[in-house]
Amino acid sequence: MGGVRYKTMASGAGSAVPHPYWPRDLQIDGYRPNDRPMSEILTFLFSVSGALLVGMWFLTGRVTGMSAPRRLAVCWFMVCGFIHGVIEGWFSFYYPVIPKDQAFLSQLWKEYGKGDSRYIIADNFTVCMETVTAAAWGPLSIWTVISFLQNKPYRFVLQLIVSLGQLYGDVLYFYTEYREGFSHSEMWHPLYFWFYFVFMNALWIIIPSILIVDAWINMSKSQSVADRTRPASKSKRN
C-alpha cells in the first residue's frame, strides 16, 4: 500500500480542504471528516478498556496469593493487549487510507489525529513505531497476562521486556515531536494537546517505568535465592 499524500500550502496557493489538523495549512488528499461524534468514539474506547479491566480484575481474584497491585498490573497488560493489538494494529494496516476511510477505528484515529496529525499524514516514524508495537508488544502483553495467571517462572522477564519496549517507544514518540516543535497539534489545547497527546501517552511512560522497577526487584530476589542455594564449588585437591 502506498503512503498518504500530503503537503503544506505555499503562499498564494488555493484553499486547503477544511480539516481540524495541525499545521493548519496541511493539505490531505481525499480527506473526509468523521460522521461519528467524538463522544461515541471515546465511549467505545474507554468502555471496552474498562470492561477488560473489570473482567481481568475478577479473573485475577481466582489466582491464589496474587496481591492487589499485581492484579492491577495484569489488568494493565490486558488493556495493553487490546490497545496495541487492535487499535494500533488497525493503524499499522490501514494508515494509507485512514484520512478518507469511514470505518469506526479509522474515525477513532482521525479523532486522535487532532492531537497528533502524524497519524493522519502517515509520518514514517509513527508508522514504524506503531507497526512494531502492534506486532510485538500486543501479543507479548497477552502472553504476559497468561504467564501471571498460570504463575509461569518467566512472567517477570516478559513484564520487563514489554515495559522496556513501551517506555522506549513512547520516549521516542515524545522526543521526535519535541524536535519538530510540537507542530502537529494545537499547543496547550485542553483536550487535543493535554489529554490526547500528553496524558494518554504519558501513561505509557509512568506505568512501564514502575513495572520495570518491579520486575527488576523480583528478578533480583529470585537470583539472590538461586545464588544462595547453588552448591559451593569444591576446592581443588592438592
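In whole angstrom, how far apart do the alpha carbon centroids of segment 159-228 and segment 41-86 sit? Result: 18 Å between the Cα centres.
Residues in segment 40-53 carry Karplus couplings, in order, of 5, 5, 5, 4, 4, 4, 7, 6, 5, 4, x, 5, 5, 4 Hz; the curve used is 6.51 cos²θ - 1.76 cosθ + 1.60 with θ = phi - 60°, and Gly or Pro positions show x. Comparing TRP188, TRP57, TRP137 in a Gaussian network model of the chain where C-alpha atoms under 10 Å apart are linked, the largest mean-square fluctuation is found at TRP188.
Solvent-accessible surface of segment 57-164, taken per residue with a 1.4 Å probe and all protein chains present: 40 Å².
Shown in residue order for segment 142-153 are the 3J(HN,Hα) couplings computed by the Karplus curve 6.51 cos²θ - 1.76 cosθ + 1.60 at θ = phi - 60°: 5, 4, 4, 4, 4, 5, 6, 5, 9, 6, 6, x Hz (x for Gly and Pro). Using the Karplus relation 6.51 cos²θ - 1.76 cosθ + 1.60 with θ = phi - 60°, the per-residue 3J(HN,Hα) values for segment 76-86 come to 4, 5, 5, 5, 4, x, 5, 4, 5, x, 9 Hz, with x marking Gly and Pro.
Per-residue ellipticity at 222 nm from helix content only, as computed over the chain with -39500 (n - 2.57) for each DSSP H run of at least four residues, stands at -18000 deg cm²/dmol.
Near the amide H of ALA122, within less than 5 Å, lie no amide hydrogens of residues on another chain or at least 5 residues away, with H placed in the peptide plane. With each label modelled as a point 7 angstrom along the Cα→C-beta vector, the TYR154-ASN201 pair spans 3.2 nm. Once all protein chains are placed together, LEU203 keeps about 60 Å² accessible to a 1.4 angstrom probe.
When the Cα atoms of the chain are aligned to their principal axes, the ranges along those axes come out at 91, 47, 35 Å in descending order.
Computed on protein heavy atoms with a 1.4 Å probe, the accessible areas place LEU164, LEU26 in the order LEU164, LEU26, largest first. Residue ranking by accessible heavy-atom surface, 1.4 Å probe, largest first, among ILE217, ILE83 comes out as ILE217, ILE83.
Amide H contacts of GLN27: LYS7, THR8, MET9, each under 5 Å away and 5 or more positions distant or on a separate chain (H built 1.01 Å from N in the peptide plane; Pro and chain starts excluded).
The values are calculated or read from the model by the stated rules, or taken from the named source; none is laboratory data. All values reported here derive from a predicted model rather than from experimental measurement. Please note: Cβ atoms are built from the backbone with ideal geometry, for glycine as well, and neighbour counts cover all protein chains shown. Surface accessibility is based on the protein's heavy atoms, side chains included, excluding ligands, DNA and RNA. Shrake-Rupley method; radii C 1.70, N 1.55, O 1.52, S 1.80 Å.
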